[in-house]
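Quick notes on the structure that follows.
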Amino acid sequence: MKTKIGVLVSGGGTNLQALLDAQAAGGLPSGEIVLVISSRPDAYALTRAELAGVRAAVAVRKGRPQAEFEAELLALLAESGVELVILAGFLSILSADFIRQFPNRIVNIHPSLIPAFCGEGFYGLRVHEAALLRGVKLTGATVHFVNEIPDGGKILLQKAVAVEEGDTPAILQRRVMEQAEWLLLPAAAEMVAKSIAQEKENGYL
Ligand code: GAR
């Protein structure tokens, strides 16, 4: 039985697209993306989900209590029977209470080589701005399990990407996406989906 995957997004959704493309190309044989939830109603990621024929939902984060937001997320995930949650450019921090409901069942992609340039406040372009300011010559991306420490969970996959002379944050972001993120995330999704599927077959779940 395939592992049911829910993808949480907040923005453009290029990492979601990488997952959808991998699935269409047979690169995610142990999983099935059954739901995409956006924390913002205007995220282009929602259109990507709809175009791929995947159920898309919005759970607005802005202007409401965290507990109410997370209760809505949990209800949507449960309705679709989601077993593995993938954070693909999801820019809200989840509470320890929420994370405890999915031990080693939430995976996040972060656009740096953790433990560099990570934790609260480091997201999206800000990560690349910080890397350029510091002058690192190598950066990259990391996929890790999510625990109660922001960007602090066990690392699953990591790939280094070179910083080049004249890089702007946007240029560097694009290179890190192309050379690392869009490859790592589908690979990690398959890895974790496969191990969950195997645990189910062996009767551990
Ligand atoms: C990606 O670079 C992702 O790694 C980053 O946001 C971007 C989302 O792009 N995530 C974080 O910074 C999490 N701390 P996308 O919406 O096109 O996938």
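Just so it is clear, none of the values below were taken in a lab; they were calculated from the coordinates. Computed from a prediction, not measured in an experiment: that's the story for all the values here. Don't worry about glycine lacking a Cβ; one is built from the backbone with ideal geometry, like all the others, and counts go over all protein chains shown.
Under the shape rule built on the C-alpha gyration tensor, where the axes satisfy a ≥ b ≥ c, the chain is prolate, since a/c reaches at least 1.5 and a/b is greater than b/c. Annotation: amide H of residue 38 within the under-5 Å range of 9, 57, 58, 59, sequence separation 5 or more or interchain, hydrogens built in the peptide plane.
Across the chain, the mean sequence separation of Cα contacts (distance under 8 Å, 6 or more residues apart), normalised by length, yields a relative contact order of 23 percent. Which residues in region 142-159 place their backbone N less than 13 Å from a point set 7 Å from the Cα of residue 96 along the Cα-to-Cβ direction? Under 13 Å, as judged by backbone N against the label point of residue 96, lie 147-150 of region 142-159. Can you bin region 115-161 into rounded, prolate or oblate? Criterion: square roots of the alpha carbon gyration tensor eigenvalues sorted a ≥ b ≥ c, rounded for a/c under 1.5, prolate for a/b above b/c, oblate for the rest. Judged from the Cα gyration tensor, region 115-161 comes out oblate (a/c at least 1.5, b/c at or above a/b).
Here the contact order of region 1-64, divided by its residue count and restricted to Cα pairs under 8 Å and six or more residues apart, works out to 37 percent. Among the trypsin sites (Lys or Arg not before Pro) found in region 17-79, those both in a DSSP coil and sparsely packed, with 14 or fewer other Cβ atoms within 10 Å of their Cβ, are 62. Computed packing ranks the peptides 123-131, 9-17 as 9-17, 123-131, most packed first, by mean other Cβ atoms within 10 Å.
Counting other beta carbons within 10 Å of each Cβ, put 1, 177 in order, fewest first.
On the way: 1 10, 177 20.
By the 10 Å Cβ count, ascending, the order reads 1, 177.
Given a Förster distance of 41 Å, report the FRET efficiency between residue 32 and residue 116 from their Cβ-Cβ distance, rounded to the nearest 0.05. Computed FRET efficiency for residue 32 and residue 116 comes out at 0.75. Among the listed pairs 154/194; 137/194; 2/154; 62/200; 4/154, give every one whose C-alpha distance is greater than 26 Å. Beyond 26 Å between Cα atoms: 137/194; 62/200. Overall form of region 4-83: oblate. Here a/c, set by the Cα gyration tensor axes a ≥ b ≥ c, is 1.5 or more, and a/b is not larger than b/c.
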